[in-house]
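*Asks:* Quick one: the structure is below, and I'll ask about it shortly.
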Amino acid sequence: MRNKFIAGNWKMNTTRAETTALLQALLQGTSAIEKTTIMVAPPFANLQIASELLQNSKIKLGAQNMYWEDKGAFTGEISPLMLKDFNCSYVIIGHSERRQYFRESNQEINRKIQAAFRHRIYPILCVGESLENRERGQTLGVVEYQIRNGLAGFTSEHMNDFTIAYEPVWAIGTGRAATPADAVEVHSYIRSLFAEMFDSTIAESTRIQYGGSVTADNIDSFICEEHIDGALVGGASLKADSFLKIIQAAEQS
Ligand code: PEP
């Protein structure tokens, strides 16, 4: 049975002091949360302080990206070993900003997921269509392409505790969320694709988050849907009160 999973992607936001204040408020506000998995992904520079603050807490630590090699001459990159040092249990892979601004390819994403599995860091694979794709009726084709290529070579044995975040690019940071019906159509499609690529057990156990302008005001409309297992939240995860409301909504759903 899938439990709800709320993840906060802080992107390139928060100083060390802001990280501390935000995490202290989240720790306090989540003391009664029991069923929902909660994860935050601060910038790399603040993983150390976050790791210290979140020690022995129910809030999991995640990273926003990582390189696939363990070490070496890869200036500016961070390795899975380093994330393990910070007790990161999750890593976001293939976020649309990485695909768009840093030209990350599906092959690179595939190597990153391989590295995450190798080091037992749970990957969250982000997929989603551009506005142009959607207007041309290519949404499901694009999502399928990203999933088939991002997960090429993987078998059912790899896919325990896997999370997909469906994030339509046009909804990220724009204040224009998809409708729950749009999201459900894609989530159901992803589940049927997983049944075909892997098996029905993997399809049923994979958590599929929706991401794209999720707020405290619209979370209820998404989280009540059977195929929406949580949310990957950007902007609204940067304020304790809005992120806590989103977590509460998931807990009560
Ligand atoms: C994201 O960064 O993954 C995201 C969904 O951002 P926002 O919630 O701000 O749209």
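The values are calculated or read from the model by the stated rules, or taken from the named source; none is laboratory data. Owing to the predicted nature of the structure, the values given are computational and were not obtained by experimental measurement. Glycine gets a Cβ as well: all are built from the backbone with ideal geometry, and neighbour counts include every protein chain shown.
*Asks:* Of all residues in the range 11-26, how many are part of a helix (DSSP H, G or I) and either more than 26 Å from Arg98 (Cα to Cα) or more than 16 Å from the ligand (Cβ to nearest atom) (or both)? Can you show your working first?
*Replies:* Kept after step one, since they are part of a helix (DSSP H, G or I), are these residues of the range 11-26: 16-26.
Adding the requirement that they be either more than 26 Å from Arg98 (Cα to Cα) or more than 16 Å from the ligand (Cβ to nearest atom) (or both) leaves 16-21, 23-26.
Here the count works out to 10.
*Asks:* Quick one: which of Ile49, Ile78, Ile33, Ile92 is part of a helix (DSSP H, G or I) and either modelled with pLDDT under 95 or of a type in the set (Val, Ile, Thr) (or both)? First the steps, then the outcome.
*Replies:* Numbers: Ile78 fails: part of a helix (DSSP H, G or I); Ile33 fails: part of a helix (DSSP H, G or I); Ile92 fails: part of a helix (DSSP H, G or I).
Residue meeting the stated conditions: Ile49.
*Asks:* Something else: Specify the residue that is surrounded by the most Cβ atoms within 10 Å (Cβ to Cβ); the eligible residues are those in the range 221-239 that are under 16 Å from Val186 (Cα atoms) and of a type in the set (A, V, I, L, M).
*Replies:* The residue in question is Ala231.
*Asks:* Answer with yes or no whether Cys126 is buried (at least 18 other Cβ atoms within 10 Å of the Cβ) and within 15 Å of the ligand (Cβ to nearest atom). Give the derivation first.
*Replies:* Numbers: buried (at least 18 other Cβ atoms within 10 Å of the Cβ): yes; within 15 Å of the ligand (Cβ to nearest atom): yes.
In short, yes.
*Asks:* Give the residues of the range 231-253 that are among the hydrophobic types (A, V, I, L, M, F, W, C) and more than 9 Å from the ligand (Cβ to nearest atom), sorted by residue number. First the steps, then the outcome.
*Replies:* First, pick out the residues of the range 231-253 that are among the hydrophobic types (A, V, I, L, M, F, W, C): 231-233, 236, 238, 240, 243-244, 246-247, 249-250.
Listed by number, the residues that qualify are Ala240, Phe243, Leu244, Ile246, Ile247, Ala249, Ala250.
*Asks:* Being touching a Lys or Arg at 6+ places or on another chain (Cβ under 9 Å) and either farther than 15 Å from Ala240 by Cβ or modelled with pLDDT under 95 (or both) is the filter here, so list the residues in the range 9-30 that pass it.
*Replies:* Once the filter is applied, which keeps residues that are touching a Lys or Arg at 6+ places or on another chain (Cβ under 9 Å) and either farther than 15 Å from Ala240 by Cβ or modelled with pLDDT under 95 (or both), the range 9-30 yields nothing.
*Asks:* Also, I was wondering about something else. Regarding Val214, is this residue in contact with a strand residue (DSSP E or B) (Cβ under 8 Å, 6 or more places away or on another chain), within 16 Å of the ligand (Cβ to nearest atom) and more than 21 Å from Met1 (Cβ to Cβ)?
*Replies:* yes
*Asks:* I would also like to ask the following. I'd like the full set of residues that are within 16 Å of the ligand (Cβ to nearest atom) and within 13 Å of Gln248 (Cα to Cα), limited to the range 27-52.
*Replies:* If the condition is that a residue be within 16 Å of the ligand (Cβ to nearest atom) and within 13 Å of Gln248 (Cα to Cα), then Ile38 is the only one that fits.
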